[in-house]
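Data first, discussion second: the structure below is written as structure tokens.
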Amino acid sequence: MLSCNTDDEDIMKTGNGEIWRSGGLYYCAEQIHLNNDDTLIVHIRDVDDYAGGDRITIIFKELGRNENCCYEINCRIIELNKLE
């Protein structure tokens, strides 16, 4: 579902997963662990209303690999919803 190719910035991707908060690690502190084992690095303000462990659905645009967090993906969140 996810790839390293960021040539087409208009491609939106979807996924399900959970919010993960490290409580530290400045560059990698706020993450979304997707069910397909990919990890999205997000800004704290984008997930401020969510607690660690919250199950979510997400629509996002992939922005490339995070240089500070190996194998993890920077993204811009288009839509984020908590699963009940």
Under Stokes-Einstein, with the Kirkwood radius over Cα pairs standing in for Rh, what whole-number D in µm²/s applies to the stretch 25-84 at 20 °C and 1.002 mPa s? 182 µm²/s
Two-site label geometry, S22 and K82: point separation in nm, points 7 Å out along Cα→Cβ: 2.5 nm
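Laboratory data are not the source of any read-out in this text; all were calculated from the coordinates shown. Source: prediction; values computed, not measured. Cβ coordinates were reconstructed from backbone atoms using ideal geometry, including for glycine residues, and neighbour counts include every protein chain displayed.
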